[in-house]
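Visitor: The structure that follows is given in the form of structure tokens.
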Amino acid sequence: MNQSDSDDLLVRMRGIRFAIGGRQIIDGMDIDIPRGKVTSIMGPSGTGKTTLLRLIGGQWRPQEGSVEVDGVSVHRVGREGLYRLRRKMGMLFQSGALFTHLSVFENVAFPLREHTRLPEAIIRHLVLMKLEAVGLRGARDLMPSELSGGMARRVALARAIALDPTMIMYDEPFVGQDPITVGVIMQLIRRLNDTLGLTSIIVSHDVQEVSAISDRIYMISDGKVVDHGSPRALAESASEWVQQFLHGRPDGPVPFHYPAPDYVADLFGEAS
Amino acid sequence: MIGGWLQSLGHSGLCFFVRLGRSALFMGRVAAGLPSLLPLPRLLVRELHSVGVLSMAIIVLSGLSVGMVLGLQMYNTLVDFGTEESLGPVVALSLVRELGPVLTALLFAGRAGSALTAEIGLMKATDQLSVMEMMAVDPLKRVVAPRFLAGFLSLPLLAAIFSAVGILGSYFVGVGLLGVDDGAFWSQMQSKVDLQEDVINGVIKSVVFGWVCSWIAVFEGYDAVPTTEGVSRATTRTVVHSAFAVLGLDFVLTALMFGD
């Protein structure tokens, strides 16, 4: 990778190894997230996709390797530095993670009230602008319990962009949503990325949706990067594993059967 | 067999001390976050309402009931010796020194402590604490510190209310129903109950219990396994550990204060 490419990277992960509870979740990964693009990390459930987001956000610390965001080493800056860095990051959790005791308006206003001393009138304008961007300006007075799952995720998205971050991380944004909501969220991710000049990282296993909106995809399995490239390049990947995953084939490098002794021996071996 | 038993005992012991150490570090970080509440009094007021004011009903009812039963029982014993005029100081000393702080702490752990643990645990389970961290807002300062301080401040006040209502309850039963002399009830109480020896020591107990019960409640919530079962277990642990801690500390404090 030459120098100009390197300057265009917002996140650079090198040699990441991370284990929790004695289980190796990430086993030597190098990942580059280019600035201004939508980059997706795909793989089966339980392969450490969400863990990667937590490592980038500095919530967890890898046992080996380094994570740099905007040229700053996430795990070496100390608490103050990390909090400064996090103001440039937005994160959309799978559940939305809205504060249940606050209204939609107050949820979006929360980061503004915490980090700025803006007058109430300006906070109101900013909140309404963010809610307008996700199409929920009319829902400002509702409580989180009155929102559908898709609406909650859109409010969480408005809150995540409240401080105008440089990058935004989406954790499984399409899971459990109806097709219309999936379409809305896909459009929002792409539109916000392009109009606000964000860098987006999506963690997901929804092949169609991710392929449609990503500029670059990393395929991961068993804690390693299997392949990466543009959606079109991956569609033509020579890797059997990538082909099985993209086409949802039940058998292949990832076997249909959990490892077991020989079927016939298992059925008749005990009785004989 | 014995080796395995010893091993599991050792493992449990180590886990206990690791957790104790973690909770002490946690307490240190919460204490360090307390000054950050100064510019945000609204946070503390809201928690004082939820932890303190909403516990008033159970405290007043329990105090009244305990005071009335205490008045009745003490009267039946004292009247045999012809000293029923001592009902006032006996009831007041029992409440101010022991029953007020201890029963209030036990009720507080069940009513407010469990609610604090469940609230913080559920915020953790639904990623609300993580999202706060990702917004560069420290949940220890924003969520835990106000709840801890509210519990710490509320318990001594609730214990005072418990004792006062209890004394009134015993007055209604002793003077109102059983015919103890009104003047003797109050004047003996005034002369026998010492501010330093009895009242202040009772307040010190309730301050210690307030600190311990609030610490246990917020730590269990923050340390809960972020699942439905984990939060449920943490809530149970809050009540059980608070009860053990209050009863154990009560003996130690009583021995220190009144042992000589």
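The values are calculated or read from the model by the stated rules, or taken from the named source; none is laboratory data. On a predicted model such as this, the values are computed, not experimentally measured, just so you know. A quick note on method: Cβ atoms are made from the backbone with ideal geometry, for glycine too, and the neighbour counts reach across all protein chains shown. Accessible surface areas use protein heavy atoms only, side chains included; no ligands, DNA or RNA. Shrake-Rupley method; radii C 1.70, N 1.55, O 1.52, S 1.80 Å.
Visitor: Pick from A:Leu142, A:Leu98, A:Leu82: which is within 14 Å of chain B (Cβ to nearest Cβ) and either buried (at least 20 other Cβ atoms within 10 Å of the Cβ) or not in a helix (DSSP H, G or I) (or both)?
Guide: The conditions single out A:Leu98.
Visitor: Would you be able to tell me the number of residues in region B:103-120 that are within 13 Å of chain A (Cβ to nearest Cβ), open to solvent by less than 40 Å² (accessible area, probe 1.4 Å) and either closer than 16 Å to B:Trp215 by Cβ or without any contact (Cβ under 8 Å) to a residue 12 or more places away in the chain (or both)?
Guide: Residues that pass the stated criteria total 1.
Visitor: Evaluate the following for B:Ala125: is it within 14 Å of chain A (Cβ to nearest Cβ), farther than 14 Å from B:Val91 by Cα and buried (at least 17 other Cβ atoms within 10 Å of the Cβ)? Steps first, answer last, please.
Guide: Working: within 14 Å of chain A (Cβ to nearest Cβ): yes; farther than 14 Å from B:Val91 by Cα: yes; buried (at least 17 other Cβ atoms within 10 Å of the Cβ): yes.
Spelling it out, B:Ala125 is indeed within 14 Å of chain A (Cβ to nearest Cβ), farther than 14 Å from B:Val91 by Cα and buried (at least 17 other Cβ atoms within 10 Å of the Cβ).
Visitor: How about region A:189-204: which of its residues are more than 19 Å from A:Val155 (Cα to Cα), touching a residue at least 40 places away in the same chain (Cβ under 8 Å) and surrounded by fewer than 18 Cβ atoms within 10 Å (Cβ to Cβ)?
Guide: Within region A:189-204, A:Gly197 is the sole residue that qualifies.
Visitor: Which residue out of B:Gly202, B:Gly176 is among the small types (Gly, Ala, Ser), surrounded by 20 or more Cβ atoms within 10 Å (Cβ to Cβ) and either touching a residue at least 12 places away in the same chain (Cβ under 8 Å) or over 30 Å from B:Glu119 (Cβ atoms) (or both)?
Guide: Criteria check complete, one pass: B:Gly202.
Visitor: What are the residue pairs meeting all of these: first residue in region A:54-71, first residue away from chain B (no Cβ under 11 Å) and touching a residue at least 60 places away in the same chain (Cβ under 8 Å), second residue open to solvent by 40 Å² or more (accessible area, probe 1.4 Å) and among the basic types (Lys, Arg), Cβ atoms under 7 Å, and 6 or more apart or on different chains?
Guide: A:Asp70/A:Lys88
Visitor: Filter region A:149-181 down to residues that are open to solvent by 60 Å² or more (accessible area, probe 1.4 Å) and over 17 Å from the mean Cα position of the chain (by Cα), then give me how many there are.
Guide: 4
Visitor: Right, another one. Restricting to region B:130-145, name every residue that is within 13 Å of chain A (Cβ to nearest Cβ) and either within 26 Å of the chain's Cα centre (by Cα) or over 23 Å from A:Leu85 (Cβ atoms) (or both). Outline the logic, then answer.
Guide: Applying the first criterion (within 13 Å of chain A (Cβ to nearest Cβ)) to region B:130-145 yields B:130-143.
B:Pro139, B:Leu140, B:Lys141, B:Arg142, B:Val143 - these are the residues of region B:130-145 that are within 13 Å of chain A (Cβ to nearest Cβ) and either within 26 Å of the chain's Cα centre (by Cα) or over 23 Å from A:Leu85 (Cβ atoms) (or both).
Visitor: Within region A:15-35, how many residues are among the charged types (D, E, K, R) and surrounded by 18 or more Cβ atoms within 10 Å (Cβ to Cβ)? Spell out the reasoning first.
Guide: Of all residues in region A:15-35, those among the charged types (D, E, K, R) come to A:17, A:23, A:27, A:30, A:32, A:35.
Among the residues that remain, those that are also surrounded by 18 or more Cβ atoms within 10 Å (Cβ to Cβ) are: A:32.
Of the residues in region A:15-35, 1 are among the charged types (D, E, K, R) and surrounded by 18 or more Cβ atoms within 10 Å (Cβ to Cβ).
Visitor: Of the residues that sit in region A:102-117 and are modelled with pLDDT under 90 and more than 9 Å from every other protein chain (Cβ to nearest Cβ), which one is farthest from B:Leu122 (Cα to Cα)?
Guide: Only one residue tops the list, namely A:Arg117.
Visitor: In the list B:Ser8, B:Ser50, which residue meets the criterion of being open to solvent by less than 70 Å² (accessible area, probe 1.4 Å) and either at positive phi or free of Cβ contacts under 8 Å to residues at least 12 places away in the same chain (or both)? Explain how you work it out, then say what you get.
Guide: Values: B:Ser50 fails: either at positive phi or free of Cβ contacts under 8 Å to residues at least 12 places away in the same chain (or both).
That would be B:Ser8, the only listed residue that is open to solvent by less than 70 Å² (accessible area, probe 1.4 Å) and either at positive phi or free of Cβ contacts under 8 Å to residues at least 12 places away in the same chain (or both).
Visitor: Need the failing condition index for B:Ala159 against (1) open to solvent by less than 40 Å² (accessible area, probe 1.4 Å); (2) at positive phi; (3) small (Gly, Ala, Ser), just the number.
Guide: Checking B:Ala159 against (1) open to solvent by less than 40 Å² (accessible area, probe 1.4 Å); (2) at positive phi; (3) small (Gly, Ala, Ser), the one that fails is (2).
Visitor: Considering only region A:154-162, I want to know if a residue exists there that is touching a Pro at 6+ places or on another chain (Cβ under 8 Å), within 14 Å of chain B (Cβ to nearest Cβ) and part of a helix (DSSP H, G or I).
Guide: Here is the first cut: in region A:154-162, the ones touching a Pro at 6+ places or on another chain (Cβ under 8 Å) are A:155, A:159, A:162.
Checking which are within 14 Å of chain B (Cβ to nearest Cβ) leaves us with A:155, A:159, A:162.
So of that shortlist, the ones also part of a helix (DSSP H, G or I) come out as A:155, A:159.
Yes: region A:154-162 contains one or more residues that are touching a Pro at 6+ places or on another chain (Cβ under 8 Å), within 14 Å of chain B (Cβ to nearest Cβ) and part of a helix (DSSP H, G or I).
Visitor: When you go through B:Leu95, B:Leu122 one by one, which is the residue that is under 30 Å from B:Gly169 (Cα atoms) and among the hydrophobic types (A, V, I, L, M, F, W, C)?
Guide: Working: B:Leu122 fails: under 30 Å from B:Gly169 (Cα atoms).
Exactly one of B:Leu95, B:Leu122 is under 30 Å from B:Gly169 (Cα atoms) and among the hydrophobic types (A, V, I, L, M, F, W, C), namely B:Leu95.
Visitor: Additional query: Scan region A:237-272 for residues that are loosely packed, with under 15 Cβ neighbours inside 10 Å and touching a Gly at 6+ places or on another chain (Cβ under 9 Å) and report the count.
Guide: Summing the residues that are loosely packed, with under 15 Cβ neighbours inside 10 Å and touching a Gly at 6+ places or on another chain (Cβ under 9 Å) in region A:237-272 gives 3.
Visitor: To continue, here is another question. Run down B:Ala105, B:Ala150 and say which single residue is closer than 20 Å to B:Phe26 by Cβ and either in a helix (DSSP H, G or I) or of a type in the set (Phe, Trp, Tyr) (or both). Show your work before the answer.
Guide: Values: B:Ala105 fails: closer than 20 Å to B:Phe26 by Cβ.
Sole residue among the options that is closer than 20 Å to B:Phe26 by Cβ and either in a helix (DSSP H, G or I) or of a type in the set (Phe, Trp, Tyr) (or both): B:Ala150.
Per-residue answers, yes or no, for (1) closer than 21 Å to B:Arg22 by Cβ; (2) part of a helix (DSSP H, G or I); (3) open to solvent by 70 Å² or more (accessible area, probe 1.4 Å); (4) among the acidic types (Asp, Glu):
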site	(1), (2), (3), (4)
B:Phe219	yes, yes, no, no
B:Tyr222	yes, yes, no, no
B:Val225	yes, no, yes, no
B:Ala234	yes, yes, no, no
B:Thr238	yes, yes, no, no
B:His241	yes, yes, yes, no
B:Leu249	yes, yes, no, no
B:Leu253	no, yes, no, no
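Visitor: Being away from every other protein chain (no Cβ under 14 Å) and either at pLDDT 90 or above or outside any loop (DSSP other than H, G, I, E, B) (or both): is that true of A:Ile168 here? Walk me through it before giving the result.
Guide: Values: away from every other protein chain (no Cβ under 14 Å): no; either at pLDDT 90 or above or outside any loop (DSSP other than H, G, I, E, B) (or both): yes.
Considered against the rule, which asks whether it is away from every other protein chain (no Cβ under 14 Å) and either at pLDDT 90 or above or outside any loop (DSSP other than H, G, I, E, B) (or both), A:Ile168 comes out as no.
Visitor: Would you confirm, using the coordinates I've provided, whether B:Ala115 is in a helix (DSSP H, G or I) and farther than 19 Å from B:Leu247 by Cα? Lay out the reasoning, then the answer.
Guide: Values: in a helix (DSSP H, G or I): yes; farther than 19 Å from B:Leu247 by Cα: yes.
Taking the combined requirement at face value, the residue satisfies it.
Visitor: Assuming B:Ala160 fulfils every condition listed in (1) outside any helix (DSSP H, G or I); (2) at pLDDT 90 or above apart from one, which condition is it?
Guide: (1)
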